[in-house]
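The values are calculated or read from the model by the stated rules, or taken from the named source; none is laboratory data. Owing to the predicted nature of the structure, the values given are computational and were not obtained by experimental measurement. So basically every Cβ, Gly included, is an ideal-geometry build from the backbone, and we count neighbours across all protein chains shown. Quick note on the areas: whole protein, heavy atoms, side chains included, nothing else; ligands and nucleic acids left out. Shrake-Rupley method; radii C 1.70, N 1.55, O 1.52, S 1.80 Å.
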Amino acid sequence: MGTVETETETETGTVDTETAETEAGTARITWHPAKKARLVLAAGHGAGGGIEARDLRALARVLPAHGVSVALVEQPWRVAGRKVAPAPKTLDTGWRGVWPVIAGRGLPVISGGRSAGARVACRTAAELGARAVLALSFPLHPPGRPGKSRAGELLDAGVPTLVVQGGNDPFGRPEEFPPGTYEMAEIPHGDHGFGVPKRAGITEEEAMRLLTDAVARWTTSLV
């Protein structure tokens with residue numbers, strides 16, 4: 001199990017932070033628990049940022065009221081203060097290392113993440129026994145390089161999957177995704193970080209509400 005570091009009171013309740021030792025180094029898990037949890041969402045960050053991303057914060061704030069505890073996972077490279085993410089294989093190793101701590105709470109676990117974290121979740125879901133995958137801003141291809149597709153990672157996840165994608169994501173707009181058994185929720189005008197321009201006609205708060213509503217509805221189909 002992990003080692004509890006701190007316990008903090010927030011507007012949504014008590015938040016626990018613990019560390020987990022992995023073969024890639026020390027990871028950190030920040031728990032936003034539901035009072036009557038039926039699922040856990042383990043959510044990893046991308047290669048260019050941490051768990052402070054707007055979509056991860058929004059899910060941690062909203063989902064506990066829907067019976068989903070949220071575990072925001074900081075990969076070892078972020079905990080160590082490095083600025084550049086390691087290779088995908090190392091990211092997968094870090095994710096595998098935190099899984100026993102998260103699954104140890106005895107609830108079905110949704111493996112999730114944004115961008116690079118979404119790729120990790122897809123690659124490891126079946127192996128780890130995830131109940132489902134939540135892929136936020138899945139990077140279908142590098143910007144401007146649609147021929148370098150990562151669709152195989154998404155299509156091979158092997159479990160129920162929800163992709164939440166910005167309508168203007170340079171890493172892959174919703175209409176670029178291939179047919180598959182996954183579900184897709186589009187955030188109109190959203191970029192890779194779900195930011196929306198002023199001309200979009202919706203605010204960032206409304207965009208986040210669309211995202212959290214879509215995820216909350218989807219989780220009801222999983223139990």
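Overview of results
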| item | result |
| --- | --- |
| R0 of 22 Å, Cβ-Cβ distance T26-R105: FRET efficiency to nearest 0.05 | 0.65 |
| Heavy-atom surface of the chain, accessible at 1.4 Å and reported per residue (Å²) | 45 Å² |
| Under 22 Å from the Cα of K148 - lysines, other chains or at least 8 residues apart | K89 |
| Per residue convex hull volume, Cα atoms of the range 92-181, in Å³ | 85 Å³ |
| Normalised contact order of the range 96-223, rounded percent, pairs of Cα under 8 Å and 6 or more residues apart | 18 percent |
| Longest to shortest principal axis, alpha-carbon extents of the chain, angstrom | 43, 35, 33 |
| DSSP-loop GluC sites (Glu not before Pro) across the range 10-94, with at most 11 other Cβ within 10 angstrom | E11, E23, E52 |
| Gain on full stretching of the segment that runs from K198 to E176 - 0.36 nm per residue minus C-alpha separation | 5.5 nm |
| Fully extended contour minus Cα-Cα distance, from D16 to A80, at 0.36 nm per residue | 21.1 nm |
| Residue list for the range 87-102, given a label point 7 angstrom along the Cα-to-Cβ vector of R145 and an amide N cut-off under 20 Å | 87-92 |
| Chain lengthening between E127 and D191 when straightened (0.36 nm per residue, less Cα-Cα) | 20.0 nm |
| Highest-fluctuation residue, L134, L154, L107 considered, GNM on the chain with Cα pairs under 10 Å | L107 |
| Cα pair distances in the range 137-223, grouped into 10 Å bins until the bin that holds the longest one, percent each | 18, 46, 31, 6 |
| Whole-percent carbon and sulfur share, accessible surface of the chain, 1.4 Å | 51 percent |
| Restricting the range 61-109 to trypsin sites (Lys or Arg not before Pro) in coil, as DSSP defines it, with at most 14 other Cβ within 10 Å | R82, K83, R105 |
| Most mobile listed residue (V70, V84, V101) in the chain, GNM with C-alpha springs under 10 Å | V84 |
| Average Cα contact separation per residue, the range 40-151, under 8 Å, 6 or more apart, as relative contact order % | 27 percent |
